[in-house]
1. Which of the residues belonging to region 176-202 are surrounded by fewer than 24 Cβ atoms within 10 Å (Cβ to Cβ) and in a loop (DSSP other than H, G, I, E, B)?
2. With assigned to a helix (DSSP H, G or I) and in the same structural domain as Ser212 (by TED's automatic domain parsing) as the only criterion, which of Lys106, Lys99 stands out?
3. Of all residues in region 66-87 being within 14 Å of the ligand (Cβ to nearest atom) and surrounded by fewer than 23 Cβ atoms within 10 Å (Cβ to Cβ), which is nearest to Glu43 (Cα to Cα)?
4. Working only within region 271-321, note down all residues that are part of a strand (DSSP E or B), open to solvent by 20 Å² or more (accessible area, probe 1.4 Å) and within 24 Å of Phe14 (Cβ to Cβ).
5. Tell me, yes or no, whether region 117-126 has at least one residue that is within 16 Å of the ligand (Cβ to nearest atom), of a type in the set (A, V, I, L, M, F, W, C), free of Cβ contacts under 8 Å to residues at least 60 places away in the same chain and open to solvent by 40 Å² or more (accessible area, probe 1.4 Å).
6. Quick one: in region 211-270, of everything that is in a helix (DSSP H, G or I) and of a type in the set (S, T, N, Q), which residue is surrounded by the most Cβ atoms within 10 Å (Cβ to Cβ)?
7. Quick one: in region 127-141, which of the residues that are open to solvent by 100 Å² or more (accessible area, probe 1.4 Å) and within 18 Å of Gln165 (Cα to Cα) is modelled with the highest pLDDT?
8. Return the total of residues in region 130-166 being charged (D, E, K, R), without any contact (Cβ under 8 Å) to a residue 60 or more places away in the chain and within 22 Å of Gln68 (Cα to Cα).
Amino acid sequence: MENQSRIELRSDTFTKPGKHMLEAMMNAPVGDDVFGEDPSVNELEQVCAQMFGYSDALFCPSGTMTNQIAINVHTQPGDELICEEGSHIYYYEGGGIAKNSGCQPKLIKGDRGRISVAQLAELVNPDDVHRPKTSLISLENTCNRGGGSCYELSSLYEIRDFCNQHHLKLHLDGARLMNAIVAKQQEPAEYGAIFHSISLCLSKGLGAPVGSVLMGDKDFIKQARRVRKVFGGGMRQAGFLAAAGLYALQNQVQRLQVDHEHAKQLEATLKTLPWVTSVLPVETNIVIFSMETAQIAQKVLQELRNRNIYVSAMSATQIRMVTHLDVSESMIQQVCAVLADIRI
Ligand SMILES: *Cc1c(COP(=O)(O)O)cnc(C)c1O
């Protein structure tokens, strides 16, 4: 079958720039960003910093890099950071915590990826020569492996208070933070007031082809800029990419709501199917459901693939579907019909 009719639900990273975004990219003024002279990159950094209430921001090639830079700046080798066991920084970044920054993670199991302040008390090491120094807590919002779950602001305030009491830094992997903000009708600056740094992906549901932004105060970003160069992330005429990010932030934020409605439709159908044992509650654009056995999951993957529907295996018995701007209402209806048709 042709690519045209493929329904791509493996990830919101598959989105392709549309006509207007491509025009914005082609018309972007550019310069050498390593010299700080790319006007489009500078504008994107300013827009993001202002939107979230920070004094500065840094455009990077990927969300992995923005997270790894933040960890590197907030910690010293030998330190310990606290994160959730399914968090991207631990689970999907190739051991970068240890490899890039010489730190070790202390893992917590959260509620669909969300950590609560009550879990933290026991985890901060005392000031004792035997123990690694705890220096950072890193959260994720939305939580990918939690099925796109969102934190309540009230629990984030509690965690930030805890960090203040224990002199810890607090980072947010906000790869899909805009999904949470739209779903919960919040303001970006509410997050900027809580975290010492935030990483935001432009290349997920926002629909830009490449890029993530790291935000923080001027001193943090100054250090981050140095680390970005060391990690090989200094780009030259990156304004073509930054322009796509700017376009996305100006035009493609509110439409995330459509993705969330589509995800809800998938959830509703899945809940009616006898071979689905559970669906993680859908809050944003990620749908994760479970089946009894790996054999059933394999069959479902195959049946969907036969109908040109691409989804991903989250584990042997779990499948993930992610909605995004290149998945239309009629595609969602088609997926629901195919799912309802599968006989196990
Ligand atoms: C996608 C993602 C990232 C960053 O991914 P890159 O592919 O490196 O841009 C970070 N955290 C989460 C939760 C993600 O989903």
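The values are calculated or read from the model by the stated rules, or taken from the named source; none is laboratory data. What you see is a predicted model; the values in this text were computed from it and never measured. Note: ideal-geometry Cβ built from the backbone for every residue, glycine included; neighbour counts use all protein chains shown. Protein only, heavy atoms only, side chains kept; ligands, DNA and RNA dropped before computing areas. Shrake-Rupley method; radii C 1.70, N 1.55, O 1.52, S 1.80 Å.
1. Lys184, Gln185, Gln186, Glu187, Ala193, Ile194, His196
2. Working: Lys106 fails: assigned to a helix (DSSP H, G or I).
Testing whether each residue is assigned to a helix (DSSP H, G or I) and in the same structural domain as Ser212 (by TED's automatic domain parsing) leaves just Lys99.
3. Residues of region 66-87 that are within 14 Å of the ligand (Cβ to nearest atom), as a first pass: 66-71, 83-87.
Next, from what is left, pick out any that are surrounded by fewer than 23 Cβ atoms within 10 Å (Cβ to Cβ): 85-86.
Working: Glu85: 36, Gly86: 34 Å.
The residue in question is Gly86.
4. Val279, Ser290, Tyr310, Ser312, Ala313, Met314, Ser315, Gln318, Arg320
5. Of the residues in region 117-126, the ones within 16 Å of the ligand (Cβ to nearest atom) are none.
Checked region 117-126: no residue is within 16 Å of the ligand (Cβ to nearest atom), of a type in the set (A, V, I, L, M, F, W, C), free of Cβ contacts under 8 Å to residues at least 60 places away in the same chain and open to solvent by 40 Å² or more (accessible area, probe 1.4 Å).
6. As a first pass, look at region 211-270 and keep what is in a helix (DSSP H, G or I): 218-230, 239-251, 256-270.
Remaining after also requiring of a type in the set (S, T, N, Q): 223, 250-251, 257, 265, 269.
Values: Gln223: 16, Gln250: 10, Asn251: 15, Gln257: 15, Gln265: 17, Thr269: 20.
The selected residue is Thr269.
7. Lys133
8. The first filter runs over region 130-166 and keeps only residues charged (D, E, K, R), leaving 131, 133, 140, 145, 152, 158, 160-161.
Applying the additional criterion that residues be without any contact (Cβ under 8 Å) to a residue 60 or more places away in the chain yields 131, 133, 140, 152, 158, 160-161.
Restricting the remaining residues to those that are within 22 Å of Gln68 (Cα to Cα) gives 133, 140, 160.
The number of residues fulfilling the criteria is 3.
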